[in-house]
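Shown next, in structure tokens, is the structure this report addresses.
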Amino acid sequence: MSQTDINRVVRHTRRARTLGTDAKCDECGSTDVVSLVKATTSPVPTTTPTPRTRTKRTGTTAGTAGEPAPCPTSTKATGRTGQASAPPRVLCYEHLLIQQGKATVEAHHPLGKAHDPSTVGAAGNLHRALTDSQEDWPEEVRRNPHRNPLWWVAAIFYSLHDYLRWLMQRCHAIGDILVKAGHWAEQQGGPQWWVAAGIQIP
């Protein structure tokens, strides 16, 4: 294992520890540690009931006149409105963006900002994965202070490698999804569902 591989494993292990055991997105089930984040929800206003005064009516009534009724919970009764923080949820980055009302496609620098200010649109989870992979590039390629053209070309190949690796890691899962989709389509439209749907197969 190279030092680059070790650095990547350490980086991802530290991140996984902050997320908890078997962390996955609450919305889509993604387990990609690079794209997962802990999302805190807005505090929920809670009102602690104001204690009522119990009036002594008969000898069988417990307590004395003016004695406050027992608080129904162990929380100290203050009659004030507080904030009850909901536990943080684990979300993938794209679902975090949705929760925040932001676009799920972001501007990615495929060659790194040090080489080229040009950007391409990338889905949020992919953007985080590719940006994380750039941390594994040699430092001289990531920074390239003197605009060395050979390091610029090296960035092109590193960038291509990172995207293809990300895609290869998901090819099998994509195939499984298509198999399930094919079974569903046959149930809906028969063995040749594409004919009924008017789709021409070349």
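The values are calculated or read from the model by the stated rules, or taken from the named source; none is laboratory data. Bear in mind the structure is a predicted one, so any value in this text is a computation, not a measurement. Using ideal geometry, Cβ is built from the backbone for each residue, glycine included, and neighbour counts are taken over all protein chains shown.
Observations on the structure shown:
- Condition broken by ARG142, with the remaining ones in (1) modelled with pLDDT of 95 or more; (2) surrounded by 16 or more Cβ atoms within 10 Å (Cβ to Cβ); (3) part of a helix (DSSP H, G or I); (4) of a type outside the set (Asp, Glu) satisfied: (1)
- Every condition in (1) under 30 Å from THR21 (Cβ atoms); (2) outside any helix (DSSP H, G or I); (3) aliphatic (A, V, I, L, M) is met by LEU126 except one, and the failing one is (2).
- Pairs where the first residue, in segment 99-124, is farther than 20 Å from ASN148 by Cα and the second is surrounded by 13 or more Cβ atoms within 10 Å (Cβ to Cβ) and of a type in the set (D, E, K, R), C-beta under 7 Å, 6+ apart: THR104/GLU94; ALA122/GLU106; ALA123/GLU94; GLY124/GLU94; GLY124/GLU106
- Any hit, segment 167-181, residues being surrounded by 11 or more Cβ atoms within 10 Å (Cβ to Cβ), part of a helix (DSSP H, G or I) and either in contact with a Gly (Cβ under 7 Å, 6 or more places away or on another chain) or assigned by TED's automatic domain parsing to the domain that holds SER2 (or both): no
- Only one of GLU140, GLU186 that is free of Cβ contacts under 8 Å to residues at least 40 places away in the same chain, touching a helix residue (DSSP H, G or I) at 6+ places or on another chain (Cβ under 8 Å) and under 26 Å from ASP5 (Cβ atoms): GLU140
- Given (1) at pLDDT below 55; (2) surrounded by 13 or more Cβ atoms within 10 Å (Cβ to Cβ), index of the condition SER74 fails: (2)
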